[in-house]
1. Tell me, what HN-Hα J-couplings in whole Hz come from the Karplus equation 6.51 cos²θ - 1.76 cosθ + 1.60 at θ = phi - 60° for each residue of region 44-59, using x for Gly and Pro?
2. At Ala73 and Lys59, where each label point lies 7 Å from the Cα along Cα→Cβ, what is the point-to-point distance in nanometres?
3. On a straight-distance basis, which aspartates and glutamates could pair with Lys74 in a cross-link, Cα separation under 12 angstrom, same-chain partners fewer than 8 positions away excluded?
4. Would you mind getting the accessible area per residue of the chain, heavy atoms of the protein chains only, 1.4 Å probe, in Å²?
5. Run the accessible area of region 1-119 with a 1.4 Å probe and give the carbon-and-sulfur part as a rounded percent.
6. At a Cα cut-off below 26 Å, give the lysines reachable from Lys87, other chains included and same-chain residues fewer than 8 away excluded.
7. Report the calculated FRET efficiency for Gln122 and Leu189 (r = Cβ-Cβ distance, R0 = 41 Å), to the nearest 0.05.
8. For every helix of n ≥ 4 consecutive DSSP H residues, a contribution of -39,500 (n - 2.57) applies; sum these over the chain, divide by its total residues, and give [θ] at 222 nm rounded to the nearest 500 deg cm²/dmol.
Amino acid sequence: MKQAKVLTEKEFKRALAICETMQNGKRNRLMLLLSHYAGLRVGEIASLKWKDVLDRDLKPKQMFYLKAENTKAKEARQVHLNAKLQKKLTTYWAQLGRWRKLERPVIQSQKGGHFTPNSMVQAFARVFDAAGIEDASSHSGRRWFITQMAHAGVSPKVIMELAGHKQLTTTQRYIDVTDEQKRSAVDLL
């Protein structure tokens with residue numbers, strides 16, 4: 001099975017920009033950011049409630065736990081949120097109006113309920129299609145998350161734990177290598 005495309009920086013920016021032109025664009029943008037900046041799977045994104053990601057002061061947490069029943073491995077794990085994602089969550093929460101309730105999903109369907117993972121996969125596909133990005137899928141963000149950290153020199157063990165993988169070999173399969181990186185590597189010799 002072919003792996004999901006890892007978006008280039010230009011493609012990622014284009015996908016975020018196209019969200020602004022779409023119905024439910026702010027929601028779709030946050031969905032993309034949760035995938036790319038937190039490395040979450042669609043099922044994990046779909047399961048998130050505001051009470052999971054906000055603290056008592058209604059500010060985004062730096063770290064929260066995904067419940068075991070909401071992860072692929074059926075094991076709870078930590079999710080760390082960077083400052084960019086915390087800021088986007090704060091902005092989105094403030095814009096929710098009457099839908100702003102801690103028990104509600106972070107990414108709400110048009111009727112205010114949870115997305116199914118399959119419906120979210122389709123939402124990702126609509127964004128990538130509208131942005132003209134081929135071979136991208138709902139898993140592209142997760143691969144981007146792992147690839148970016150690997151190329152920044154983050155410890156493979158840290159990446160493995162952030163991704164919720166049990167084996168380093170699984171994490172390694174997510175890392176994308178470009179032709180430019182290969183050229184740069186041989187130029188070191």
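The values are calculated or read from the model by the stated rules, or taken from the named source; none is laboratory data. Keep in mind the model is a prediction, meaning the values are calculated, not measured. For neighbour counting, all protein chains shown are included, and Cβ atoms are generated from backbone atoms with ideal geometry for every residue, glycine included. Please note that ligands, DNA and RNA were not included when accessible areas were found on the heavy atoms of the full protein model with its side chains. Shrake-Rupley method; radii C 1.70, N 1.55, O 1.52, S 1.80 Å.
1. Along region 44-59, the couplings run 6, 5, 4, 7, 5, 10, 4, 5, 6, 9, 10, 8, 4, 8, 6, 10 Hz.
2. About 3.1 nm, to one decimal.
3. Candidates past the 8-residue exclusion: Glu44.
4. I get 57 Å² per residue for the chain.
5. 52 percent
6. Lys10, Lys13, Lys26, Lys49, Lys51, Lys59, Lys61, Lys67, Lys101, Lys111
7. Result of the calculation: an efficiency of 0.30.
8. Value at 222 nm, helices only: -15000 deg cm²/dmol.
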